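Here's the structure, in structure tokens; my notes come after.
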Amino acid sequence: MVLEKDKKLQGKIVASDQNLDVESDDNSGELQRKHSFDVDPLKRNNDQEGGRKIFKPSTKKQMQLTFENIVIRTVPKVKKCCKGPNYEPPKAKSILNDVSGTILPGQFLSIIGASGAGKTTLLNFLSGREISQNLLKTGKIYVNGVDRDKMKGFSALSAYVQQDDILFQTMTVRECLEFAAKLKLSGTYDEKINRVEEIVKELRLNKCQNTKIGGPLIKGVSGGERKRTSIGVELITDPQLIFLDEPTTGLDSFTATSVMETLRDLAQTGRTVISTIHQPNSDIFEMFDRLMLLAQGKIIYFNEARLSVDYFASIGQRCPELSNPADYFMSMMSIESHEEEDTEDKQALMRSHTQILEQYTQKIDFFDQSYQNSSLKNDYTFRAPNISEVSDADINNQQTGWCYQLGLLIQRNFLNTLRLPQTSYVKVIVTVITAIFTIILFQNCDGTPQGVQNRNGALFFMTMTIAFNAIQNIILIFPDERPVFLREVNNNMYSVTAYFFGKVIAEIPISIITPVLFGCIVYFSIGLSTAHSYTFPLFLGILILIYCTGGSYALIISSIFSDKQLAVTLTPVLIIPFMLFAGFFVNQDNIPIWLIEFQYLSFFKYGYQALFLCMHETEVSKKCNPVSDFNSPETLGESIIALAAMFVGCYTISLFIMKMLSKKYE
Ligand SMILES: Nc1ncnc2c1ncn2[C@@H]1O[C@H](COP(=O)(O)OP(=O)(O)OP(=O)(O)O)[C@@H](O)[C@H]1O
């Protein structure tokens with residue numbers, strides 16, 4: 001089909017490009033254009049698809065996005081220490097090289113280019129996402145003619161669908177959409193649910209709406225359905241400007257085509273859709289509306305996709321027959337592979353590399369110049385006539401009440417805990433098994449010297465077990481939730497404090513059940529003190545406090561490290577030093593003076609100390625006076641207060657880190 005179309009195009013090309021009609025004469029190689037604005041997306045929708053209407057036409061103001069002279073480059077760091085006579089300061093690397101263009105309502109722009117061409121950087125910059133601090137950015141972005149920097153709620157007008165599908169694996173497709181609708185939309189409950197129904201229908205999610213998203217532990221929806229759910233979550237507010245980062249990556253060809261169809265349909269209702277695409281197949285290329293080719297941070301083509309093959313043929317880059325134009329363009333924009341890789345002469349190899357790079361740069365410069373001089377060059381000064389300025393009324397910056405957000409977050413967290421096996425029944429089984437181990441290892445904790453030794457060992461073991469149980473719970477779960485939290489908080493769905501308290505409150509049942517279950521099994525089985533009626537509840541209370549403090553400490557670690565593997569690997573290193581200060585392994589008198597202060601940061605020390613004093617301060621038989629042996633500087637009350645203070649302190653620090661994180665990703 002592509003070829004047939006190309007042949008037709010070889011004579012005279014008549015195309016409507018951003019409201020331009022383009023005429024081309026292949027013999028002269030000259031492409032002429034004449035302006036005539038005719039964007040009627042609904043008409044196109046009906047005409048092109050034989051009356052097929054998938055998306056409801058939006059009643060909102062349409063968006064034209066214009067970007068002017070965008071330059072993004074690295075700011076090289078000059079190392080003062082290395083400055084010498086032969087010192088060559090590092091050069092700035094250009095990532096986007098003075099790129100300009102405009103995208104009109106109803107257009108679906110696909111950006112393709114070799115790896116490192118600057119696609120993601122451009123998409124992020126256009127969508128207003130945070131660009132790394134070490135990059136220098138200049139240029140202007142206008143939305144319907146209004147300077148984006150002067151707009152208050154650009155993020156509320158647009159949607160950004162990330163490459164990875166960042167969703168809760170335990171939630172169903174419908175639950176994900178409902179959650180987004182409840183937090184992002186104003187109006188009554190029925191109105192919100194109606195919008196969900198619409199999205200389910202429009203994105204063809206009917207069949208899988210009650211299936212869980214799924215992940216490594218839960219079987220869930222297919223890749224395409226997951227991607228469509230991610231798109232649906234972003235479409236809930238009916239944004240007019242939609243950015244997508246490589247939406248087809250990781251999908252099979254059929255699913256990728258179906259996702260692209262969805263995006264094309266979306267654009268045909270008047271929305272402006274901009275997407276980077278990774279390795280499109282010929283079917284997907286067929287579906288392209290506007291195409292932007294990026295190479296070395298330069299736009300070498302930005303116009304209708306169907307004109308691209310002819311355009312490149314006119315500058316000497318003819319796509320072979322029966323080839324996928326996208327593949328041809330990709331190879332055209334890629335640096336050629338090195339043919340003399342085997343040579344042992346390193347200098348020759350370097351020279352050859354430099355030569356290839358120079359040739360490649362020359363080739364891209366030629367494409368750049370050809371595009372700049374071409375009549376197909378995107379006219380970024382063009383302003384669609386029926387587009388009016390964005391006003392405050394167009395910006396839906398709605399945020400629901402804090403308590404409403406908290407309620408929904410608690411509900412979601414509980415659901416997640418119940419549906420994730422490792423946070424529910426597996427945890428209970430692990431608790432029971434470790435309790436049985438404790439009983440086997442530390443029997444007979446009576447008042448004899450051997451029994452007291454057993455008891456001290458058991459108390460230390462319990463402190464470790466309960467603390468690690470809590471740490472593991474947070475370290476294994478929070479890193480998975482972290483991207484969802486960042487996406488949602490930056491989508492203005494809820495506040496950081498609502499998320500934080502939602503998390504803390506949802507943790508309460510497991511923070512009570514685990515230590516209480518463990519304590520109940522172990523306490524009487526190994527013969528711990530029954531001297532006072534309050535000893536046992538006090539003992540359980542301390543176990544709960546140890547669990548909560550361990551969890552709060554782990555929350556700091558997992559908020560700092562985004563990578564789960566890294567967090568898991570570093571946890572022992574960050575925990576063990578505090579464990580050594582607990583007073584069981586190292587006599588506190590032996591701790592070097594410069595390290596002594598560290599013991600006051602150890603929740604193991606206060607946890608173990610509190611359990612120890614709880615047993616011995618209430619012990620009737622003190623044959624071997626263990627309290628004096630332990631040399632505890634704090635009383636039981638002080639130990640409990642210190643533990644509680646650490647718990648509150650760690651949670652406060654993690655809340656602060658989460659706030660910082662959310663600002664960083666704004
Ligand atoms: N913060 C940064 N500091 C230095 N260089 C950067 C930074 N961000 C991006 N780059 C560089 O800019 C170039 C373009 O990066 P970008 O991620 O936009 O490429 P891309 O076209 O999206 O590539 P891919 O398809 O592989 O994702 C790359 O060479 C990258 O290394």
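The values are calculated or read from the model by the stated rules, or taken from the named source; none is laboratory data. Just so we're clear, the structure is a prediction, and the values are computed from it rather than from any experiment. Glycine also receives a Cβ, built like all others from the backbone with ideal geometry; neighbour counts cover every protein chain displayed. To get the accessible areas, we keep the full protein, side chains included, count just its heavy atoms, and leave off ligands, DNA and RNA. Shrake-Rupley method; radii C 1.70, N 1.55, O 1.52, S 1.80 Å.
For the reader, a short list of remarks on this structure follows.
- Under conditions of 10 °C and 1.306 mPa s, segment 88-230 yields 86 µm² s⁻¹ as its translational diffusion coefficient, taking Rh as the Kirkwood radius over Cα pairs in the Stokes-Einstein equation.
- Potential lengthening between Q450 and Q362 on full extension [0.36 nm per residue; Cα-Cα distance subtracted]: 23.3 nm
- Eigen-decomposition of the gyration tensor built on the alpha-carbon atoms of segment 168-314 gives equivalent ellipsoid semi-axes of 32, 18, 12 angstrom, largest listed first.
- For segment 194-250, accessible area per residue (1.4 Å probe, heavy atoms of protein chains only), Å²: 37
- Cβ-derived FRET efficiency at R0 60 Å, A531 paired with N134, nearest 0.05: 0.40
- Alpha carbon convex hull of segment 416-463, projected area averaged over orientations, nm²: 3.6
- With 0.36 nm allotted per residue and the present C-alpha distance subtracted, the L570-R204 stretch has 127.4 nm of extension available.
- Å² per residue, accessible surface of segment 378-535 at 1.4 Å: 43
- Shown here are the Rg and Dmax of the Cα trace of segment 346-474, at 34.4, 96 Å.
- When F524, F478, F468, F382 are compared by accessible area of protein heavy atoms, the largest-first order is F524, F468, F382, F478, using a 1.4 Å probe.
- Segment 173-233 - percent of accessible surface contributed by carbon and sulfur, probe 1.4 Å: 48
- Net charge in the neighbourhood of Y547 (other residues with Cβ under 12 Å of its Cβ; Lys, Arg +1, Asp, Glu -1) is 0.
- Rolling a 1.4 Å probe over the protein heavy atoms leaves T188 with an accessible area of roughly 80 Å².
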